[in-house]
Structures are given as structure tokens and as C-alpha cells.
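The values are calculated or read from the model by the stated rules, or taken from the named source; none is laboratory data. Not measured: the values here are computed from a predicted model. Note: ideal-geometry Cβ built from the backbone for every residue, glycine included; neighbour counts use all protein chains shown.
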Amino acid sequence: MRPSAIDFIRQFAARFAVRDNGENQGKFFQNLIRSMTLLGLVSANSAGCGQDANSVKPVEVGKLRFEQQQIDLVNGIREKGVHDEKVLKVIASVPRHAFVSDEFRQSSYDDNPLPIGDGQTISQPYIVAYMTEALDLEPQDRVLEIGTGSGYQTCVLARLAGQVYSIEIIDELAKRAKKVLTDLGVCNIHLRTGDGYKGWPEEAPFDAIIVTAAPPAIPEKLIEQLKVGGRLVAPVGKDEMQWLVCLTKQANGEVKRETLLPVRFVPMVPSGRSD
Ligand code: SAH
């Protein structure tokens, strides 16, 4: 039903465009589609579980208040160099304020990380968009995420991929993320509390792996769990000296490594500390 709502508006827009050179009406309808997407009335992507199940339901928290801020945020991310329209559409439609506590809700659409408790942060939206673009996801992809945190990045991935498997080491955060994602109606996700260094061997191999806490080096077990042709994006390094790295597993088994951006993530908790 939801994609056809977009088609319906597009047909209207096309009719007006023929009648009146289209400029103003075209813009009006574009804005209408954007607003409906922001409100969760239409989904950016209907692939995934069930008929329309990975679309995000409208949220009740400050429903209309953030509309312009979210549009500004997406425009800012585009200006910073993310150009994948599928990714930008999802950033424009996922309600980041649902993943942020009351205390920081007014800043939900600032392009900054924000505290989510337990010394952890929800990632900066530009970095979420940049890493997601680097993963180059297809609608049927199976994705492993290490560091669920607030669940915001998980939600973005779930709107672009088929199934998302996400591991969080802090149980309290995993539970909170699960509640928010369930309330938003995101169902193509699988959450687990545990040690991300081990990956999720029972569900491997994955088309894409994203790590949202910084290990000193990319864990070998994660590389093993990547499909041939798959991409792994992770911040790597200690303290201030981290780089975002993208690995691609090649047919001959070799791994191609690209260094993308200097970044600053919370450290990945060493293996064994959670057990
Ligand atoms: N993508 C998240 C960012 C969370 S910050 C968001 O947008 O909200 C990184 C998260 O990684 C933190 O929640 C932290 O607890 C988690 N983390 C750190 N070390 C980990 C490990 N070894 N295994 C799994 N999760 C880990």
C-alpha cells in the first residue's frame, strides 16, 4: 500500500508537470513525498520482512517538530559528500529522536554524536550515512553489525538490507534498542547481547559487516565471517588515532583494504571482558 501512495503522488505530479511546465507543482509534490516520508506515512524501501514490515512506523515523540531539522541534516550530509540517494532517503525517514533520551532529544538532528548512557554514544549521522554508503547494500543482503548501541544505525541498515544481525556487549543498551526498534515496527533484525569479537558464526557468512566501536585491529573472526565480494567497514585504532577502514574480500581469498577517513569512536571492549 505504501509504495503505491508514492506512485499515486508521482502520477499526480506528472500530470501537473505537463499542464504547467511543472516547476512549482513538481517541487510541491517532491516536498509532499519528502514530508510524508519523514512522518513515516510512506516508506523509502519496502523490501524485507513481510509486506511492508521494515518500514518505520510513525513515532509519537515530537512528531512534527523535527521535520525541518531532519531535512537540514540530510542536506548537510549531502554537502559533506554522501551522494547515495537511497541512503539519504533513509536518513531522512528514520526518526533519530526515537533513539535519543529526553535529555538530548532537542539535539537529535544535530550532526553530532550524543550520549546514550553507560559511557556510550549514538553515532554522528554523517558517519552513519558515510559508513552505510561504503557498505553498498542490496535489498536482500544479510548484514552483521557490531555495537548496537542505541539501535539507530541498526534501523538505517534494516531499511536498506534484508536481515540485520546486531551484537551489543552492554545488556542494558541491547534491551533499550530492542524496545525502540520493536516500537518502530522494524522486524528484519536479530539482536544479541555478547562479544562482537566473536561475530555471529551460526549466521555467517555475511554480505556486509559494520563495526561501530574501534578495535585496535580488525578481528580475524569477523573477516572470516564475510562472504567473498562482501565489505567490512570499521574504525580501527587506539584513542585519538582511528581510521575508518573498508575491507573487501576477493575471490582469491585476499582482502583489499582501503583507508577512508579519520574518525573517533568509542573503543571496542576487549574480548573476554563481557564473559
Ligand atoms: N551504532 C551505534 C553506536 C554505538 S557506540 C548507534 O548509532 O547508536 C558503540 C557500541 O559498541 C556501544 O554501545 C558499545 O557498548 C558497543 N561495544 C563496544 N565493544 C563491544 C564489543 N566487544 N562487542 C559488542 N559491542 C561492543
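Some notes on this structure:
- Scanning segment 193-216 for residues that are near the ligand (Cβ under 9 Å from one of its atoms) and of a type outside the set (Gly, Ala, Ser) yields THR193, ASP195, TYR197, LYS198, ILE210, VAL211, THR212, PRO215.
- Selection within segment 93-108 - within 13 Å of the ligand (Cβ to nearest atom) and either without any contact (Cβ under 8 Å) to a residue 24 or more places away in the chain or among the basic types (Lys, Arg) (or both): ARG96, SER101, PHE104
- Tabulated pairs, segment 120-132, first without any contact (Cβ under 8 Å) to a residue 40 or more places away in the chain and crowded, with 24+ Cβ neighbours inside 10 Å, second assigned to a helix (DSSP H, G or I) and among the aliphatic types (A, V, I, L, M), C-beta under 8 angstrom, 6+ apart or interchain: VAL128/ILE91; VAL128/VAL156
- Yes/no for VAL59 being modelled with pLDDT of 95 or more and either over 19 Å from ILE210 (Cα atoms) or touching a Cys at 6+ places or on another chain (Cβ under 6 Å) (or both): no
- Of all residues in segment 231-244, those satisfying the criterion of being modelled with pLDDT of 95 or more and either out of contact with any helix residue (DSSP H, G or I) (no Cβ under 9 Å at 6 or more places or on another chain) or within 16 Å of the ligand (Cβ to nearest atom) (or both) are LEU232, VAL233, ALA234, PRO235, VAL236, GLY237, GLN242, TRP243, LEU244.
- Where LEU260 falls short, out of the listed (1) part of a strand (DSSP E or B); (2) within 16 Å of the ligand (Cβ to nearest atom); (3) closer than 21 Å to VAL87 by Cβ; (4) not basic (Lys, Arg): (2)
- Scanning segment 153-174 for residues that are within 12 Å of the ligand (Cβ to nearest atom) and among the aliphatic types (A, V, I, L, M) gives VAL156, LEU157, VAL164, ILE167, ILE169, ILE170, LEU173, ALA174.
- Which numbered condition GLU220 fails, given (1) more than 15 Å from the ligand (Cβ to nearest atom); (2) charged (D, E, K, R); (3) closer than 22 Å to VAL255 by Cα: (1)
- Options SER107, SER150, SER93: the member that is in contact with a strand residue (DSSP E or B) (Cβ under 8 Å, 6 or more places away or on another chain), farther than 26 Å from VAL236 by Cα and not aliphatic (A, V, I, L, M): SER107
- Residues of segment 153-208 that turn out to be of a type in the set (Gly, Ala, Ser), buried (at least 21 other Cβ atoms within 10 Å of the Cβ) and over 21 Å from THR121 (Cβ atoms), as a count: 3
- Annotation: LYS178 fulfils all but one of (1) under 11 Å from the mean Cα position of the chain (by Cα); (2) more than 9 Å from the ligand (Cβ to nearest atom); the unmet one is (1).
- Matching residues, segment 234-275, being small (Gly, Ala, Ser) and surrounded by fewer than 21 Cβ atoms within 10 Å (Cβ to Cβ): GLY237, ALA251, GLY253, SER271, GLY272, SER274
- Meets criteria (of a type in the set (Lys, Arg), buried (at least 19 other Cβ atoms within 10 Å of the Cβ) and in contact (Cβ under 8 Å) with a residue 12 or more places away in the chain) for ARG231: yes
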